[in-house]
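Accompanying notes for the structure given below.
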């Protein structure tokens, strides 16, 4: 082999080695970038996690929606009321709830128009919640199918309205929606049921379990039991979550 051929071969080998090293460095850089991006995405996803919804409260001992004696979302499981707000803070909170009601009313009116359904919207503030009701109008009655079996459609519409309010205001909403007086009628029936169960527990001294209920229904019963001087607990998970009334 001539000296020229040997030199050319050595140069080719050196070039090949250099290219290999460069490719390895590039691969390592891309891999490191991918790892960094993946970690950043995971970190971002964790940071973007929102507050638990009311549906996730089913795994707790008692959800904020059903805590006895209060409608405060920040109250504890024992239903203890939050500290009284200052007058200025209370006024600000009322204005916030009124704003929630306005946004919810606009959303529901649009929904009724799109579906070509009759109904008027009533807006109020009940405790620490905006209270919205779809009621019969002069043009016609609210279709009862908007309530659905056991109020399931009503519950779904309530959650949809809460999401619409949150999207507009940036704040999580705990508004309460009623349609055609369903909740008002159900509340009256639950109060009678609770009072009968309370009387039975006081007389027998034995705890009593009630039928499975929604968070709204459980709260009505919790409030009634607390007013009677007894203690109630929620047991199980939805859809079988129910109340147990304990003797004094």
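The values are calculated or read from the model by the stated rules, or taken from the named source; none is laboratory data. Keep in mind that what you see is a predicted model, and the values were worked out from it rather than measured. All Cβ positions, even for glycine, are placed from backbone atoms using ideal geometry, and neighbour counts span all protein chains on display.
Overview of values
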{"item": "Number of the exception - residue 234 against (1) under 27 Å from residue 99 (Cα atoms); (2) in contact (Cβ under 8 Å) with a residue 40 or more places away in the chain", "result": "(1)"}
{"item": "Given (1) in contact with a helix residue (DSSP H, G or I) (Cβ under 7 Å, 6 or more places away or on another chain); (2) more than 21 Å from residue 123 (Cα to Cα); (3) at pLDDT 95 or above, index of the condition residue 206 fails", "result": "(1)"}
